[in-house]
Structures are given as C-alpha cells and as structure tokens.
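In what follows, a structure is listed as structure tokens, so that the remarks can point back to it.
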Amino acid sequence: MLIKKRPKPHPELKKLDKLVGIWNVTGEVHGQVSFSWMEGGFFLVQYVDLDGAKGLEFIGYDEESGTLRSHYFDNDGKVLEYTYIVNETEHIVTIDMPGIKGEFNGKYSTNGNRITGNWHWQQDGEDMGYNATLTRINLS
C-alpha cells in the first residue's frame, strides 16, 4: 500500500486567520458577514448578507500569481474574482475584471476586531462605492 503525503495549506493563508468569526457591517451598507475555514485549511469561506445582497466567497492561495485570490458567487448569478492583501493594519481587496475595477481599502483597529474602510469601484464607466465598518461580534 502506497501512503500519499497530503499537501499542506500555503503559509500565506495564515494571514486570513484574523477574519474568522461573525462581523456586523454598518455604515452606508448594513448586514452581516462571517468567515470560517473549510475543512483542510486551503480555503476561507465568507458568507455575505448585506442589504439583501447575499453571496458565498472562497478565498485561497493562488500559486500562479503568488497572491490570496477569491471567487465570489452572489444571489444575482454573478461570479467575481478578488485579490486580498491582509497584514497587521491593512485589509485591501481589489477587483480587476472586464467591466469592473475597484478596491476596498480598510484598516484594522488595534485589537483587530474592527475594520473601517471604503469600497470604491468603477462599473461599466460609472463610479460607485460606499463606506463600511465591520465589527466582530463572535469568534467562530
């Protein structure tokens, strides 16, 4: 019998640990998002419910680009791709797809339980965006 060595998640994924939990979203949008690790630790899963917009996102490490990348599926049938930069103080999410380009630029509070920032994007030539604060209410 041949025992196959199981792959291990890329160390860059550890940066996403700080997102695990349930977060209230306030500001110009309202709702809740939650993050939890999929079994195996290769993907962080985000559940989104913001002002009736619902979605599911899988965030993982993309070997080809060397970045944290995601695929987001929403209740309108759209599939969006994002790139994440997460460090001690910054939470940056970018999108660069045909017809839509933009960025969420957020900052973590000292204790890491609050992210304050804004989304700004251009969709089909129109400027759009909103300010938001995410406050962790529960560690999952």
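With a sphere of radius 10 Å drawn around the Cβ of Lys18, what net charge do the other residues whose Cβ falls strictly inside it have (Lys, Arg +1; Asp, Glu -1)? The partial results should precede the final answer.
Details: positive: Lys14, Lys15, Arg136; negative: Asp17, Glu88.
Here the count lands on +1.
Which whole-number percent gives the relative contact order of the chain, counting Cα pairs below 8 Å spaced six or more residues apart? Walk me through the numbers on the way to the answer.
Details: 308 pairs, mean separation 27.8, N = 140.
That works out to 20 percent.
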Relative contact order %, region 77-140, counting alpha carbon pairs below 8 Å whose residues are six or more apart: 22 percent
From phi via Karplus (6.51, -1.76, 1.60), per-residue ³J(HN,Hα) for region 85-99 in Hz, x at Gly/Pro: 10, 10, 9, 4, 10, 10, 10, 10, 10, 10, 10, 8, 10, x, x
Per residue value of the accessible surface for the chain (all protein chains in place, 1.4 Å probe), Å²: 63 Å²
Amide H partners (placed H, <5 Å) of Phe43, local residues excluded: Met38
Contact order normalised by residue count of region 26-84, Cα under 8 Å, 6+ apart, percent: 22 percent
Derived scalar couplings ³J(HN,Hα) [region 61-74; Karplus, 6.51 cos²θ - 1.76 cosθ + 1.60; whole Hz; x for Gly, Pro]: 9, 9, 4, 4, 8, x, 10, 7, 10, 9, 10, 10, 10, 10
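Rounded to the nearest angstrom and ordered from largest down, what semi-axes does the equivalent ellipsoid of the chain get from its C-alpha gyration tensor (root of 5λ)?
Values: eigenvalues 133, 70, 43 Å².
Semi-axis lengths for the chain are 26, 19, 15 Å.
The values are calculated or read from the model by the stated rules, or taken from the named source; none is laboratory data. Here the structure is a predicted model, which means the values were calculated and not measured. Ideal geometry is used to build each Cβ from the backbone, glycine not excepted, and the neighbour counts take in all protein chains shown. With ligands, DNA and RNA removed, areas are computed over all heavy atoms of the protein, side chains included. Shrake-Rupley method; radii C 1.70, N 1.55, O 1.52, S 1.80 Å.
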